[in-house]
Each structure stands twice: as structure tokens, then as C-alpha cells.
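The values are calculated or read from the model by the stated rules, or taken from the named source; none is laboratory data. Since this is a predicted model, take the numbers as computed values, not measurements. Positions of Cβ are backbone-derived with ideal geometry, glycine not excepted, and every protein chain shown enters the neighbour counts. For accessibility, only protein heavy atoms count, side chains too; no ligands or nucleic acids. Shrake-Rupley method; radii C 1.70, N 1.55, O 1.52, S 1.80 Å.
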Amino acid sequence: MSTEPKSKNITWSHSHVTAEERRALTGHGAVTVWFTGLSGSGKSTIATTVERQLVEHGRHAYVLDGDNIRQGLNSNLGFSPEDRTENIRRIGEVSKLFNDAGVIVLTAFISPYRADRDRVRETLPEGTFVEVLVDCPLEECEKRDVKGLYKKARAGEIPEFTGISAPFEEPEKPEIVLATAESSVDECAQQVLDYLLKTGVIPAQQ
Ligand code: ADP
């Protein structure tokens, strides 16, 4: 799918506010923490837990969640490979804008295709894409069946369901791996926060 703009007579309008000025305003950097994993692996749970903790410490953080985005911005997209690719492309662009505005973005999308995630990594400035593999065995996700989707997928009621009838391509070199079947939600959230501290995105607590 081409990502070239359809219109020719458009130019990028540069802001008069620099990234450094925004960092001085917020007191932290802005990255996109991209959670990828099977349905029910824990993406939303961990993303919202990290968001809560960041905001409680005065950081500007915002979760972009799969189902929410599909109700609005991406309501015209389904789950075919083409639509999944376009879904992720748009989320990548939205993440880039939020980062530009100084916000730490936490995304919770299955995002099963490696090429789609790699494209987002390329779209964002170097070092600002933090890929998090939310690693949970299919059997455990299916046992959790948070939204009852696995049951429906097994019954053939949901076509192209990741893990059952559609592939999930694991990241090759994720920045973070969270073993959600072995660690608690708080431990997983802390692993993400530790990474943001270690890489200087957020400063150590004063
Ligand atoms: P996803 O967003 O990946 O579809 P959800 O976050 O909606 O998944 O659901 C994950 C489920 O697994 C929740 O019911 C959550 O309470 C449970 N869970 C158990 N352990 C963990 C963990 N370590 N991290 C995240 N979720 C966990």
C-alpha cells in the first residue's frame, strides 16, 4: 500500500516550538511505547497501568487503544491484512503527532505483522519507538478469554482471528519482553517504567 500523499501541492509546515522547549515544559521526553501481542495477552491492562503511574507522577502520557480507535478514527477498517496494515499506519502517524506534542504514547494493538510495526519504527524519530512484546502463551490467553472472543473464534464466528486463524509475527528484537503469564501486572508495568528511566525518557524521582 502506498504511503505517498495523494496531493502534490503540499509542504510540511514547521512549528516555532522546538522539541527541547516542549521537553522543558513537560520535564520528560516523548516516545511511543508500542505493546504488541495476542488478544488477552495484557496490552491494555499494562498500558493503562503505566499511564496511571506516569500521570500520577506528573508525566504527560496517553493510551491509544485498539477498540477505541476502531470506534472512531479507524471505524472504516476491518481485520483483513490490508485493513490491519492501514490501521497500524494511521496509529503510527497519530503516535508521531502526540510525541511531537510532547506526550508519551502507549499503544495497545495486536499489530500482528512485523512489517507494519517496522514501518512505524521507521516513521518515528530514531530511538523513540519502544517495542514491547506482551508475551503470553495462546493457551493462557484463551483461558483468560477476557472478551469471549476466543470462544467465538473457535466456533468459526470470527474469521481472521489472530492466533487461531490469522498469524502473529513476534518481534525479532523488541526493546522489552513482558512475560504476563509469569509476572504480575504491577511487575510488568514496573519493567516498562524502569526502561523509561534507564533510557532517560523520564527523569529519576526528585
Ligand atoms: P489485551 O489488551 O492484550 O487484549 P487485556 O489487557 O484486555 O489484553 O486483558 C488481559 C487480561 O489478563 C486481564 O484480564 C488481566 O487482568 C489479565 N492478566 C493477568 N496477569 C496479567 C499481567 N501480568 N499483565 C497483564 N494482564 C494480566
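Observations on the model:
- Among (1) open to solvent by 40 Å² or more (accessible area, probe 1.4 Å); (2) closer than 17 Å to T48 by Cα; (3) among the aliphatic types (A, V, I, L, M) - the single one L196 does not satisfy: (1)
- One residue alone among I69, I88 is within 16 Å of the ligand (Cβ to nearest atom) and open to solvent by less than 20 Å² (accessible area, probe 1.4 Å), and that residue is I88.
- Among the residues listed as L133, L178, L149, L97, the single one being among the hydrophobic types (A, V, I, L, M, F, W, C) and within 22 Å of E20 (Cα to Cα): L97
- Take the conditions (1) in a loop (DSSP other than H, G, I, E, B); (2) without any contact (Cβ under 8 Å) to a residue 40 or more places away in the chain; Q191 misses just one of them, which is (1).
- Summed over the range 136-171, residues that are within 13 Å of the ligand (Cβ to nearest atom), on the phi > 0 side of the Ramachandran plot and touching a residue at least 12 places away in the same chain (Cβ under 8 Å) total 2.
- Flag for L196 being of a type outside the set (S, T, Y), within 19 Å of the chain's Cα centre (by Cα) and more than 16 Å from the ligand (Cβ to nearest atom): yes
- Within the range 153-177, being among the polar types (S, T, N, Q) and buried (at least 17 other Cβ atoms within 10 Å of the Cβ) holds for one residue alone: T162.
- Listed here are the helices (runs of 4 or more DSSP H) enclosed by the range 1-97 that have at least 1 residues being under 13 Å from the mean Cα position of the chain (by Cα) and closer than 19 Å to E160 by Cβ: 43-56, 66-71.
- Matching residues in the range 116-152 - criterion: being in a loop (DSSP other than H, G, I, E, B) and open to solvent by less than 20 Å² (accessible area, probe 1.4 Å): L124, C136
- Hits in the range 60-87 (condition: in contact with a helix residue (DSSP H, G or I) (Cβ under 7 Å, 6 or more places away or on another chain) and either farther than 25 Å from T180 by Cα or modelled with pLDDT of 95 or more (or both)): H60, A61, Y62, V63, L64, L73, N74, L77, T85
- Residues within the range 150-180 that are aliphatic (A, V, I, L, M) and out of contact with any strand residue (DSSP E or B) (no Cβ under 8 Å at 6 or more places or on another chain), tallied: 5
- Flag if S95 is out of contact with any Cys (no Cβ under 7 Å at 6 or more places or on another chain) and buried (at least 22 other Cβ atoms within 10 Å of the Cβ): yes
- For the criterion of being away from the ligand (no atom under 11 Å from the Cβ), closer than 26 Å to R52 by Cα and in a helix (DSSP H, G or I), V201 fails.
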